[in-house]
Amino acid sequence: MAIPVKLEVFEGPLDLLLHLIDKNKIDIYDIPIVDITEQYLEYIRQMETDDMNVMSEFLVMAATLIDIKCRMLLPKEADEEGEEEDPRAELVEKLLEYKMCRYMSLELRDRQVDAARNLYRTKDLPPEVACYRAPVNYEELLGDMTLSRLHEIFKSIIRRQEDKIDPIRSQYGNIEKDEIDMDVKTLYVEAFAREHRQFGFRSLLEKQASKMEVIVTFLIILELMKTGKIVISQESIFDDILITSLL
């Protein structure tokens, strides 16, 4: 009857290789690849796992070890500098990187465990101590400050605020839009033209109550002149424009 043997669980093929190296007290820079390969393959034969992803990682490393073992039997190749290349160099570099990462993870785990053991006292100050406030020394706080100096500081602050105000725009009031009915104004101008028949443009504008009414009246005069309802004339440049109605 076979004796059941419980195998150790390793996180991956590199973890298994480091275990074999430590177990056999082997120099990681001079790995006896034949012995390590045989021990590694023996462990693979005894593995019992249904996870093909895990098994494939160990089989890839087994193939790598066999490849290194075969290259060790062949004449060594030389690099660009003429030095002989060691087929184990790449594997050794990976093992060193993995070993460093594993030690770092163990260190972090130990620190996490130690941090969980830290205990802190709760705040238990007496009420009279917690409510204590240091007295204010007003003489030291004011120093050489006087009412006149405070007044000067106040005036300087007011001046800064006044400098921020635009002296022109700040005087503007609310701009209100003049609502003028164009049709009503047109009827008014036409009625004025029929009544007076001939009149000066200045006399018509003087009867308007706002600047907007003056502008609208001017536009209406232009439209009436365009449609031939009125005729305008002027004897000289600065004379009043004379309007004659044809309505």
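The values are calculated or read from the model by the stated rules, or taken from the named source; none is laboratory data. Quantities reported herein were computed from a predicted structural model and do not represent experimental measurements. Ideal geometry is used to build each Cβ from the backbone, glycine not excepted, and the neighbour counts take in all protein chains shown.
Beta carbons closer than 6 Å, at least 6 apart along the sequence or on distinct chains, pair a first residue in region 50-75 that is more than 18 Å from Leu91 (Cα to Cα) with a second that is modelled with pLDDT under 85 for Met55/Thr49. Among the residues of region 41-57, those identified as in a helix (DSSP H, G or I) and either of a type outside the set (Phe, Trp, Tyr) or at pLDDT 85 or above (or both) are Leu41, Glu42, Ile44, Arg45, Gln46, Met52, Asn53, Val54, Met55, Ser56, Glu57. One residue stands out in region 72-99 among those that are of a type in the set (A, V, I, L, M) and in a helix (DSSP H, G or I): the one that is surrounded by the fewest Cβ atoms within 10 Å (Cβ to Cβ), namely Leu73.
The residues listed here are Glu128, Glu139; of these, the one that is exposed (fewer than 10 other Cβ atoms within 10 Å of the Cβ) and either in contact with a Phe, Trp or Tyr (Cβ under 6 Å, 6 or more places away or on another chain) or at pLDDT below 75 (or both) is Glu139. Close contacts from region 195-210, counting a first residue that is more than 15 Å from Ile241 (Cβ to Cβ) and in contact (Cβ under 8 Å) with a residue 24 or more places away in the chain and a second that is in a strand (DSSP E or B) and of a type outside the set (Gly, Ala, Ser), with Cβ to Cβ under 9 Å and a gap of 6+ residues or different chains, come to Arg197/Thr244. Taking into account only those residues within region 183-194 that are surrounded by 14 or more Cβ atoms within 10 Å (Cβ to Cβ) and over 17 Å from Leu246 (Cβ atoms), which is farthest from the chain's Cα centre (by Cα)? The qualifying residue farthest from the chain's Cα centre (by Cα) is Tyr188. Considering the conditions (1) at pLDDT 85 or above; (2) at positive phi, Lys94 is excluded by exactly one of them, (2). If you filter region 197-230 down to residues that are at pLDDT 85 or above and either of a type in the set (Asp, Glu) or assigned to a strand (DSSP E or B) (or both), you find that the one that is nearest to Met182 (Cα to Cα) is Glu223. Out of curiosity, is Arg194 at pLDDT 75 or above, of a type in the set (Lys, Arg) and in a helix (DSSP H, G or I)? So Arg194 passes the test.
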